[in-house]
1. Report every pair of residues separated by at least 6 positions or lying on different chains whose Cβ atoms are under 6 Å apart, first residue within the stretch 556-568 and among the hydroxyl-bearing types (Ser, Thr, Tyr), second loosely packed, with under 15 Cβ neighbours inside 10 Å and part of a helix (DSSP H, G or I).
2. Specify which of the listed residues (GLU51, GLU45) is surrounded by fewer than 15 Cβ atoms within 10 Å (Cβ to Cβ), touching a residue at least 24 places away in the same chain (Cβ under 8 Å), under 23 Å from the mean Cα position of the chain (by Cα) and not in a strand (DSSP E or B).
3. Look at the stretch 367-389 and say how many of its residues are surrounded by fewer than 19 Cβ atoms within 10 Å (Cβ to Cβ), among the charged types (D, E, K, R) and part of a helix (DSSP H, G or I).
4. Does the stretch 229-241 include one or more residues that are in a loop (DSSP other than H, G, I, E, B), modelled with pLDDT of 95 or more and of a type in the set (A, V, I, L, M)?
5. State all residues of the stretch 213-228 that are in a strand (DSSP E or B) and within 15 Å of the ligand (Cβ to nearest atom); if no residue qualifies, say none.
6. Under 6 Å by Cβ, and 6 or more places apart or on different chains, what pairs join a residue from the stretch 334-352 that is closer than 19 Å to GLY423 by Cα with one that is part of a strand (DSSP E or B)?
7. Here is a check on your reading of the model: is GLY394 within 16 Å of the ligand (Cβ to nearest atom), closer than 25 Å to THR166 by Cβ and within 24 Å of the chain's Cα centre (by Cα)?
8. Given the residues ARG190, ARG178, ARG158, which is the only one that is basic (Lys, Arg) and within 30 Å of PHE49 (Cα to Cα)?
Amino acid sequence: MASYKAPLTDVNFLLNEVFDYPSHYQSLSNGAEATPDMVDAILGECAKFCENTLFPLYQSGDQEGCKLVDGEVKTPAGYKEAYEEYVAGGWQGLSSLEEYGGQNLPASLGLMKQEMMGTANWPFSMYPGLSMGAMNTLQLHGDEDQRQTYLTPMTEGRWTGTMCLTEPQCGTDLGQVRTKAVPQEDGSYRITGTKIFISSGDHDLAENIVHIVLARTPEAPKGTKGISLFIVPKYLPDGKGNAGEANGVSVGALEEKMGIKASATCTMNFDDANGYMVGEENKGMECMFTFMNTARIGTAIQGVGPAELSYQNALAYAKERRSMRALSGKKEPEQVADSLMYHADVRRMLLTQKAVAEGGRAMLYDAAQYADHMVCGHLEEDTKKIQKYDDKLGFLTPILKGFLTEKGYEATNLGMQVFGGHGYIKEHGMEQIVRDTRIATLYEGTTGIQALDLLGRKVLMMTQGGAVRDFTLRMSNEARKHLTDSTLRPWAWQILKLATQWNWLTFRLMVIARKDRDMVSAAAHDFLMYSGYVYMAFMWLRMAAAARQGLAEGGDQSEDFYNAKLATAEFYFERMLPQAQGHADSMLSPSDTLMQLGNEAFAFDY
Ligand SMILES: Cc1cc2nc3c(=O)[nH]c(=O)nc-3n(C[C@H](O)[C@H](O)[C@H](O)COP(=O)(O)OP(=O)(O)OC[C@H]3O[C@@H](n4cnc5c(N)ncnc54)[C@H](O)[C@@H]3O)c2cc1C
């Protein structure tokens with residue numbers, strides 16, 4: 001594969017011209033240190049680490065994969081050294097609490113770091129990524145002793161964490177979890193059960209692995225109301241901050257899978273292992289939601305990063321590869337044929353990739369400001385603030401996770417298509433990006449589950465449409481500001497119309513769902529995709545407005561950069577956004593169109 005270059009120009013544009021991150025950081029109780037110079041230095045260093053250390057291991061990691069040797073997982077060559085560099089750079093504790101060894105910088109900076117690292121080498125980034133989720137759970141729900149014991153070495157990166165939810169009989173429906181937790185006299189528990197598909201379940205990068213495990217105590221009620229959360233370390237802490245004796249945790253198997261081969265996916269066996277309860281008994285699912293929300297936004301990045309990587313390489317190829325002549329006449333007469341760049345259909349693919357990568361990045365940076373406020377709410381112990389931003393982020397999380405991973409995967413497929421048959425050949429690395437990205441719509445809750453969470457829980461049940469009303473109000477207020485600008489006006493109108501339509505669709509679904517019980521599930525996917533297209537359109541309007549301002553006032557970027565933003569916005573509004581209407585039409589179709597066919601009538605020969 002050709003190369004990866006961190007998109008720092010786009011990042012700076014978003015930070016300084018679209019979202020005014022400098023003012024945002026100064027408004028946060030943990031943001032004083034995040035000055036523009038500091039942010040610039042951090043992102044610059046991160047870019048170097050990604051370009052020089054992580055990306056060169058991306059393809060070799062796929063070819064070599066992880067191996068299970070004598071019951072322990074070995075990561076591919078170079079991963080251990082790269083992880084040591086990651087730890088030495090203090091990257092794991094960038095946005096973590098100072099008292100446990102972190103740098104206490106805003107959460108959004110951690111997300112920007114994660115995006116770059118995930119783009120350069122997604123499988124590598126899963127090791128620290130999972131650990132981050134475990135750290136957030138312990139920070140919010142662990143007691144002080146647990147935080148001192150586990151959070152400190154995890155923040156340093158000496159220990160890593162996992163998320164052990166899935167069992168052979170259940171992934172989505174965690175109410176079926178069977179792993180047992182038997183209380184001991186000293187207040188600890190003995191954990192017994194099997195967890196499957198555990199990312200980073202075992203590896204040779206860190207001294208210890210802290211498993212965060214869902215299990216049931218003996219008298220627990222059935223279903224999700226009887227699930228508790230436990231810390232189960234691979235090695236028991238020795239009381240001096242180091243890993244001690246081995247616990248009853250072993251690797252049952254290492255999965256062979258389609259992609260992310262350098263990320264270890266393990267079957268984990270817990271045999272009478274020592275475990276320590278996190279939070280209250282039977283409140284495990286609530287605690288786990290912290291983990292899942294972090295992980296879901298983390299997984300949304302897997303829509304943006306691979307779209308960016310695939311785009312960078314498809315663009316370079318399209319400029320070099322020659323095929324036939326442009327329909328409007330020869331463009332490079334001195335060459336044997338014109339480059340792929342002159343064919344409208346190739347441009348459709350490249351512009352779709354660009355619109356998804358840049359539009360998706362803007363969505364992440366927008367939502368990240370809510371995450372920053374929510375973290376500050378926790379630091380300030382301000383429950384109202386926590387609730388306010390948790391609600392806002394809770395509404396956006398399934399859209400980010402569901403929509404961005406679907407569109408990101410599509411973008412990686414388009415990147416492969418730009419290469420023609422060469423895209424299917426391993427050498428170029430384009431098929432690896434497709435394989436590695438396919439998982440993003442499956443783990444951390446499938447797209448179908450994100451869609452149900454969005455429409456069923458967040459929109460209809462919890463807020464009776466209020467979440468959509470709040471968000472569309474923000475969209476309309478922004479759009480109204482741009483009605484006097486002749487370039488932005490048509491897009492601002494579109495946003496105003498979509499704001500009305502989104503509310504109307506929500507209302508219609510609410511009414512229909514009262515009589516038609518299957519309607520929520522039937523409409524959810526279309527509602528999710530529609531919401532994603534609209535959110536991305538809102539971001540393209542904001543980016544176009546910032547580009548207009550940059551052109552008028554001589555902003556930090558080049559004129560070509562601003563004009564490219566405007567051209568991509570136009571492409572998005574004219575050629576991608578119309579798909580939202582298809583989803584709008586489809587979501588109102590009665591559930592009968594899905595439910596009427598009898599199970600036995602799906603097929604007649606088998
Ligand atoms: C590479 C990889 C890494 C993973 N890492 C982890 C990890 O670190 N920790 C962990 O705990 N798990 C992990 N998983 C598991 C993953 O999160 C689950 O596979 C996923 O949540 C889906 O669960 P399932 O496979 O049991 O599918 P099922 O729950 O059986 O779902 C099958 C299909 O039915 C749909 N479906 C199910 N219920 C409903 C419903 N009520 N309404 C509508 N549709 C429904 C789903 O959307 C899906 O399309 C990983 C999996 C893989 C492949």
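The values are calculated or read from the model by the stated rules, or taken from the named source; none is laboratory data. The structure presented is a predicted model; accordingly, all values stated were derived computationally and were not measured. Because the Cβ atoms are built from the backbone with ideal geometry, glycine has one as well, and the counts that use them run over all protein chains shown.
1. none
2. GLU45
3. 3
4. Looking through the stretch 229-241, none of the residues is in a loop (DSSP other than H, G, I, E, B), modelled with pLDDT of 95 or more and of a type in the set (A, V, I, L, M).
5. Passing the criteria: VAL213, LEU214, ALA215.
6. If the second residue must be part of a strand (DSSP E or B), the pairs left are SER339/ARG322.
7. Working: within 16 Å of the ligand (Cβ to nearest atom): no; closer than 25 Å to THR166 by Cβ: yes; within 24 Å of the chain's Cα centre (by Cα): yes.
It is false that GLY394 is within 16 Å of the ligand (Cβ to nearest atom), closer than 25 Å to THR166 by Cβ and within 24 Å of the chain's Cα centre (by Cα).
8. Going through ARG190, ARG178, ARG158 in turn, the sole match is ARG158.
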